[in-house]
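Report on one structure; see the data block that follows.
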Amino acid sequence: MTDLIILAMLLEGPQHGYRLKRDAGALFGQGTLHNNLVYPLLRRFASEGWVTKQTVPGERGQKRQQYAITSLGRRTLLERLSSFTEQDARSEENFRGRVGFFELLPGEARERILGLRENFLTGRDERLAALQKSMDLGAYGGEVVIFMRAQIKVELAWCGRLRRLRSKDSSSKEGRKRS
C-alpha cells in the first residue's frame, strides 16, 4: 500500500522526495518515512515510466530531485487501486487504503471493493458466532470475541455509509450535468 500512496501523492503535482517521505509518514501515523523505503520506490516508478525526475534548484542553492506522475503512472495507479481481491479484502490496511482513494475510482470498482470486504466481514462474524456457541472461551476470551463482533458490525455500518456517499455523489453529479 505504501507504493500506491506515494504514487497517489504525486497526483497533486510535482513533489520533492523529502516532502513525499514526510507527508506519507504523516498519513501512516509515523514520522518521516525512511530513505530506504521511499527512494527505491521512486527509482522503480521512474524506471517503469510512472514518474519523471527532474533536478531543480533548492531553497538554499542546493539541487533537489522533483518527481511528477506521468499519464502512464496515473493509469497504472488507477488500475492497481481498482484491483482488489478476496485476499485484499482480508486486510484492513488494503481496504482502508482503497477507500481513501474512492473519489478516483469508478462506481463499479467502489461497489466491488465494498462487496468483497462485506463478504469477508460477514463470513468472519459467522465464524466467530459459531466459535462462541461451540466453545467455552472463558470470561476474557469471550470478551475478545464480543469486541471483535462489535467491530465487524461497526465496519459493516460504515460500508453502508460509504455506499450512501456514493449515491449522493452520483446524484449531485447528475444535477450538475443537467444545469
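Just wondering, is there one or more residues in region 27-37 that are open to solvent by less than 20 Å² (accessible area, probe 1.4 Å), outside any loop (DSSP other than H, G, I, E, B) and free of Cβ contacts under 8 Å to residues at least 60 places away in the same chain?
Within region 27-37 (the criterion being open to solvent by less than 20 Å² (accessible area, probe 1.4 Å), outside any loop (DSSP other than H, G, I, E, B) and free of Cβ contacts under 8 Å to residues at least 60 places away in the same chain), the answer is no, since none of the residues qualifies.
Return yes or no: is Phe120 modelled with pLDDT of 95 or more, assigned to a helix (DSSP H, G or I) and over 20 Å from Glu86 (Cβ atoms)?
Considered against the rule, which asks whether it is modelled with pLDDT of 95 or more, assigned to a helix (DSSP H, G or I) and over 20 Å from Glu86 (Cβ atoms), Phe120 comes out as no.
Return yes or no: is Ser172 open to solvent by less than 70 Å² (accessible area, probe 1.4 Å), out of contact with any Asp or Glu (no Cβ under 7 Å at 6 or more places or on another chain) and modelled with pLDDT under 95?
yes
Among the residues in region 94-104, are any under 19 Å from the mean Cα position of the chain (by Cα), closer than 24 Å to Ala157 by Cβ, of a type in the set (Lys, Arg) and assigned to a loop (DSSP other than H, G, I, E, B)?
no
With (1) at pLDDT 85 or above; (2) open to solvent by 20 Å² or more (accessible area, probe 1.4 Å) as the list, and Leu42 as the residue in question, which single condition is left unmet?
Checking Leu42 against (1) at pLDDT 85 or above; (2) open to solvent by 20 Å² or more (accessible area, probe 1.4 Å), the one that fails is (2).
Is there any pair linking a residue in region 105-131 that is over 11 Å from Ile152 (Cα atoms) and of a type in the set (Val, Ile, Thr) to one that is part of a helix (DSSP H, G or I) and open to solvent by less than 30 Å² (accessible area, probe 1.4 Å), with Cβ under 6 Å and at least six apart or on different chains, and which?
From region 105-131, the pairs are Ile113/Arg98.
Name the single residue, out of those in region 78-91 being in contact with a Lys or Arg (Cβ under 9 Å, 6 or more places away or on another chain) and part of a helix (DSSP H, G or I), that is nearest to Met9 (Cα to Cα).
So, considering only residues that are in contact with a Lys or Arg (Cβ under 9 Å, 6 or more places away or on another chain) and part of a helix (DSSP H, G or I), the one nearest to Met9 (Cα to Cα) is Leu81.
Scan Gln87, Gln66, Gln62, Gln54 and give me the residue that is open to solvent by 30 Å² or more (accessible area, probe 1.4 Å), without any contact (Cβ under 8 Å) to a residue 12 or more places away in the chain and over 21 Å from the mean Cα position of the chain (by Cα).
When all the criteria are applied, what remains is Gln62.
Please give the number of the condition Ile113 fails out of (1) at pLDDT 95 or above; (2) open to solvent by less than 50 Å² (accessible area, probe 1.4 Å); (3) over 23 Å from Thr2 (Cβ atoms).
The number of the failed condition is (3).
Would you check which residues across region 90-99 are open to solvent by 40 Å² or more (accessible area, probe 1.4 Å) and touching a Phe, Trp or Tyr at 6+ places or on another chain (Cβ under 7 Å) and list them?
Listed by number, the list holds a single entry, Arg90.
All but one of (1) surrounded by 15 or more Cβ atoms within 10 Å (Cβ to Cβ); (2) farther than 30 Å from Leu10 by Cβ hold for Phe102; state the number of the condition that does not hold.
So Phe102 meets the others, but not (2).
With the requirement that a residue be outside any helix (DSSP H, G or I) and open to solvent by 10 Å² or more (accessible area, probe 1.4 Å), what does region 10-26 give you?
If the condition is that a residue be outside any helix (DSSP H, G or I) and open to solvent by 10 Å² or more (accessible area, probe 1.4 Å), then Gly13, Pro14, His16 are the ones that fit.
Select from region 14-46 the residues that are within 12 Å of Tyr67 (Cβ to Cβ) and in contact with a Gly (Cβ under 9 Å, 6 or more places away or on another chain) and list them in ascending order.
His16, Val38, Tyr39, Leu42, Phe45
The values are calculated or read from the model by the stated rules, or taken from the named source; none is laboratory data. Every value quoted in this text rests on a predicted model; they were computed, and no experiment measured them. For neighbour counting, all protein chains shown are included, and Cβ atoms are generated from backbone atoms with ideal geometry for every residue, glycine included. All accessible areas refer to the heavy atoms of the entire protein, side chains included, with ligands and DNA or RNA removed. Shrake-Rupley method; radii C 1.70, N 1.55, O 1.52, S 1.80 Å.
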